[in-house]
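In what follows, a single structure is set out as structure tokens and then discussed.
The values are calculated or read from the model by the stated rules, or taken from the named source; none is laboratory data. Just so you know, these numbers come straight off a predicted model, no measurement behind them. Virtual Cβ from ideal backbone geometry, glycine too; neighbours counted across all protein chains shown.
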Amino acid sequence: MDTAAKTMHRIFRFYYDGFRTMSWWGKRVWIIILIKLFIMFLILRIFFFPDFLKVNFSDDRERGDYVLEQLTGNN
Amino acid sequence: MIENFDLSLVNWSRGQFALTAIYHWLFVPLTLGLSFILAFMETLYVRTGDEMWKKITKFWMTLFGINFAIGVATGIILEFEFGTNWSNYSWFVGDIFGAPLAVEGILAFFLESTFVAVMFFGWNKVSKKFHLASTWLVAIGANLSALWILVANAWMENPVGMVFNPDTARNEMSSFRDVVLNPVAVDKFLHTVTSGFVLASVFVIGISSWFLIRKREELLARKSILVAGIFGLVSGLMVALTGDTSARTIAKVQPVKFAAMEALYDGSTDAGLTVISALRDSGERLGEKKVHEKKLKIEIPGLLSIMTTGQQGGYVPGLKDLINGNPDKGILSVSEMIERGRYARQVLTDYKVAKELGDNDSMATLAAKFEDKDFTDNYFRYFGYSYFEHPWQVIPSVPVIFYAFRVMVGLGFFFIVLFIIAVWFHRRETLEKNRWFLWLALFSIPLAYLASELGWIVTEMGRQPWIIQNLMPVHVAVSNISAGAVQTTFWLFAVLFTALLIAEVSIMVRQIRIGPKH
């Protein structure tokens, strides 16, 4: 095993052992983090928070023209 | 113009952003301050080799970990809202926000995946010094991460270092240095992080006091109170100092907010500093806004003039000066600013028409104006005023800001006294005998959160109606979406964040009850 592979293996073991021997509270907060990230990125982001300009306009030129319309108040 | 906007959409979008930011800020300041307290405690462990300091460090690290984990990524929701609810604003400032937020994202990622992991998983696996270095890097990294967010926030209050490109309708960064060294950013960063240090110190002293009340973990509690008391005292004095410089900067770049903080309607060369007062409707009106008078006030004569201008008898403008103008003091009226803003917007409209007609000569001439110093300094800087019909519309809610500011400052001084007493009782070894102090310290924890949130209420409500000072009002920044959609996500967030808060508090209370013997 070369040095880089050994280093990668040590880093992997470090995280693996850390998660494996995690305390009660550590496990609880990781469950909460995963639920939170799931809700935020797979529910809220996709279904409730689309990027308004990206969804409604195909390129930056159209987006800029739209905002220019909004700013100049001739919409 | 303002009548054309759906105010319910504006208000729900504003309310949703406020809700998200307030919840997010419940987690952040403890991370900022407790990370440094941990670093000091672990330094004492490494220097003395005393295992008690290791036990103390690991106990507070547990509470830090719970708060950090529950709070992590709650700020990302604010970025979701920028893209969905505030698309005009996001586009208008995109290039300015991009750089600081990208730096923050990279910093946060490396910090969280590397050094936080070493902090929690690395005991007995890496050397003591490497572990200590990781703890310090987490503290420094977390606070630097806050720097970039605060730089972006400060730009909204004092937009500098940019050029507006009429072709893309975006502001483009012309000087990264000006954006980062924006005086509002420097003051805001120092004031905000030191206030986080104070909150964390109150938290540590409060929890330690609970142990002393329960006659448990007395040594841990006493040592923790000493570290947090000294750190809190230094930080509390820094908060007062940076608050003073911050207020002076606000007086220059956001004079309406400053006058609202003081409920100062009439300018004066001998303006007094109101310590506390009750505001009452005087019956007078400034446009359609109530003019409040101060009743039952405790005031230090002349002090506001000295603190604001640095000299006795310095003139501090009131809201009437700032709205109606005061030529003797070189203050432009808001009516004049509206006219200048309308001229700037007309130039932008002419550019848009020329672009639609493909008139390249006119486009070049008009675009050059946005790089011309006379035009940017005298017209474009008032661009946002063009969206108002009446000068009084730029006045924020005076009572909210006036009271929030006073409660925040009052609590800040209360915490300084609390820290002095904590250190004093520790020196005299009388902490346990003064149970009133232990109870006071425990019940001060929610007060520290209150003061911290009130600071943001003063900042953000004080700059209403602006989302970007003088350039873009809030109602122009919102996306053209339905108010119902924003209401739905408002309640979704309320439920999600409340659940997170309950989870944090319950896990944290459990770990505190268990104590360091886990």
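Name the single residue that is nearest to the other protein chains (Cβ to nearest Cβ) among those in the stretch A:6-26 being in a helix (DSSP H, G or I) and in contact with a Phe, Trp or Tyr (Cβ under 9 Å, 6 or more places away or on another chain).
Result: A:GLY18.
Provide a single number: the residues in the stretch A:27-46 that are surrounded by 13 or more Cβ atoms within 10 Å (Cβ to Cβ) and more than 7 Å from chain B (Cβ to nearest Cβ).
Total meeting the criteria: 4.
Note down all Cβ pairs under 9 Å where the first residue falls in the stretch B:155-168 and is within 14 Å of chain A (Cβ to nearest Cβ), the second is polar (S, T, N, Q) and crowded, with 18+ Cβ neighbours inside 10 Å, and they're at least six residues apart or on different chains.
B:PHE164/B:ASN171; B:ASN165/B:ASN171
Going by the conditions given, is A:ILE39 in contact with a Leu (Cβ under 7 Å, 6 or more places away or on another chain), part of a helix (DSSP H, G or I) and under 30 Å from B:PHE92 (Cα atoms)?
Here the answer is yes, as A:ILE39 does meet what is asked.
Take the stretch B:115-146 and flag every residue that is touching a residue at least 12 places away in the same chain (Cβ under 8 Å) and closer than 22 Å to A:PHE12 by Cβ.
Residues satisfying the conditions are B:PHE115, B:VAL116, B:VAL118, B:MET119, B:PHE120, B:GLY122, B:TRP123, B:PHE130, B:HIS131, B:SER134, B:LEU137, B:VAL138.
Here is a yes/no grid of residues against (1) under 24 Å from the mean Cα position of the chain (by Cα); (2) modelled with pLDDT of 95 or more:
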{"site": "B:ALA404", "(1), (2)": "yes, yes"}
{"site": "B:VAL407", "(1), (2)": "yes, yes"}
{"site": "B:GLY412", "(1), (2)": "yes, yes"}
{"site": "B:PHE415", "(1), (2)": "yes, yes"}
{"site": "B:LEU418", "(1), (2)": "yes, yes"}
{"site": "B:VAL423", "(1), (2)": "no, yes"}
{"site": "B:HIS426", "(1), (2)": "no, yes"}
{"site": "B:GLU432", "(1), (2)": "no, no"}
{"site": "B:PHE437", "(1), (2)": "no, yes"}
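Would you call B:ALA354 farther than 30 Å from B:GLU293 by Cα, touching a residue at least 40 places away in the same chain (Cβ under 8 Å) and either polar (S, T, N, Q) or within 13 Å of another protein chain (Cβ to nearest Cβ) (or both)?
So B:ALA354 fails the test.
Scan (1) more than 9 Å from chain A (Cβ to nearest Cβ); (2) within 27 Å of B:LEU132 (Cβ to Cβ); (3) not aliphatic (A, V, I, L, M) for the single condition B:TYR89 breaks and write down its number.
Only one criterion is unmet by B:TYR89, namely (2).
Does any residue of the stretch B:486-498 turn out to be surrounded by fewer than 18 Cβ atoms within 10 Å (Cβ to Cβ), more than 27 Å from the chain's Cα centre (by Cα), within 8 Å of chain A (Cβ to nearest Cβ) and more than 24 Å from B:ARG463 (Cα to Cα)?
Looking for residues that are surrounded by fewer than 18 Cβ atoms within 10 Å (Cβ to Cβ), more than 27 Å from the chain's Cα centre (by Cα), within 8 Å of chain A (Cβ to nearest Cβ) and more than 24 Å from B:ARG463 (Cα to Cα), one finds none in the stretch B:486-498, hence no.
Residues being on the phi < 0 side of the Ramachandran plot, within 11 Å of another protein chain (Cβ to nearest Cβ) and outside any helix (DSSP H, G or I): count how many of those fall in the stretch B:45-74.
2
Could you tell me whether any residue of the stretch B:77-94 is closer than 25 Å to B:TYR449 by Cα, surrounded by fewer than 17 Cβ atoms within 10 Å (Cβ to Cβ) and within 22 Å of the chain's Cα centre (by Cα)?
Yes: one or more hits.
Does B:GLU218 count as over 29 Å from B:GLN254 (Cβ atoms) and among the acidic types (Asp, Glu)?
Against the criterion (over 29 Å from B:GLN254 (Cβ atoms) and among the acidic types (Asp, Glu)), B:GLU218 qualifies.
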